[in-house]
């Protein structure tokens, strides 16, 4: 362009980005159509400018390797469309493996689904997958679960409406497996959101026991109530409450507590690509403080001998290991579990690092998660 990018009206910038993306990455759209439609969407006063820039882009093609910034951090940031501050911290932690992580973040992920034993059988679910004509394969990490692609018809069809399956990334489901809920127990799920983990816990408990699921969002709790009806779950009790004040109602009540804490979500970039442009370095520290406050708020909800599982959809150490280290220094009655559930033996030991569940998009083809199981003495 003949002017700095930041001086161009935001709407025009976004139109140019859409046009450039169509030119370089959508090979079923002819170049003339990409230019024409983008110009058509622009205002009359800016149409000539948009047309000129896109025609120029069409002639020159996408950015070339020799045109990338000389600084390797900046070069990777441009080439793989990640903020430079992310690239820098991942290179420090992972070295050249950071490149694999960024590449994985830019891939379209599969969708994880699993059989709901309260509504049907694995055979019925496989028949439903065949009827829907979707691509699927068995999950390498979870029994009775599948990785599905092109799942539009499946996710809007009758089999989903009747609750034959749950939908969740495998890493999120593995957090529930780390919790290891048993039939008849009392579970407290804080920051429950739409309740995917609460309803999966109910399935593993054969819908026997009591799950209190709390969140500050009324909208999220309505989603949870809808999910319970669809999935045939009856033991989940939604409640609007701040997790930091949970002990007022649940002191010493729970056999197991699940804290799926608010976090940066940096482990979910492949599903939520906009996160990379919405997060800032200060968010990591800010959210770590909130995570610690939530843990403090639920500590007294765990009965003696009970378990507390802390999880975040982020692999950043400030939100994982460091939050737990500070919590354990404040709460001497808690310690990290010496052993993990039998579920994680054999082939699933690759998911564990230092006794913690840590998954990565490029290593495990799942979302990035950190989870740890603590025991109250």
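Since every read-out is calculated from the coordinates, none of them should be taken as a lab result. All of these numbers come straight from a predicted model, not from anything done at the bench. Don't worry about glycine lacking a Cβ; one is built from the backbone with ideal geometry, like all the others, and counts go over all protein chains shown.
Descriptive notes on the structure:
- Placing pseudo-labels 7 Å out from each Cα toward the beta carbon at residue 14 and residue 70 gives an inter-label distance of 3.7 nm.
- Measuring r between the beta carbons of residue 124 and residue 222 and using R0 = 41 Å, the FRET efficiency lands at 0.90.
- Listed values (i) 23.5, 71; (ii) 19.7, 68; (iii) 29.3, 98 include one computed from this model; for Rg and Dmax of the Cα atoms in Å that value carries the label (i).
- Only beta bridges with both residues in the chain are counted; by DSSP, about 55 percent of them are antiparallel.
- Using just its DSSP H runs of length 4 or more, each adding -39500 (n - 2.57), the chain gives a mean residue ellipticity at 222 nm of -12500 deg cm²/dmol after division by all residues.
- Each residue, residue 108 and residue 40, gets one label point 7 Å from its Cα in the Cβ direction; the gap between the two is 2.3 nm.
- Fluctuation leader among 309, 12, 122 - the chain, Gaussian network, Cα springs under 10 angstrom: 12
- Between helix 218-231 and the chain: long-axis angle, C-alpha atoms, 0 to 90°, nearest 10: 70 degrees
- Solution diffusion estimate, µm²/s, Stokes-Einstein, the range 111-167, Kirkwood Rh from C-alpha pairs, 20 °C, viscosity 1.002 mPa s: 196 µm²/s
- Distance between modelled label sites at residue 158 and residue 350, nm, 7 Å Cα→Cβ extension: 3.9 nm
- Near-label residues of the range 337-377 by backbone N, under 12 Å of a point 7 Å along Cα→Cβ of residue 138: none
- If the chain linking residue 363 and residue 321 were pulled fully straight, counting 0.36 nm for each residue of separation and taking away their Cα-Cα distance, it would gain 13.2 nm.
- Normalised contact order of the range 99-207, rounded percent, pairs of Cα under 8 Å and 6 or more residues apart: 29 percent
- Between the Cα long axis of helix 321-330 and the first principal axis of the chain there is an angle of about 30°, rounded to the nearest 10.
- In the chain, Cα pairs under 8 Å separated by at least six residues give a relative contact order of 13 percent.
- Taking the C-alpha atoms only, the angle from helix 281-298 to the longest principal axis of the chain is near 10 degrees.
- Look at where the Cα atoms of the range 15-80 and of the range 350-377 average out, and the two centres are 39 Å apart.
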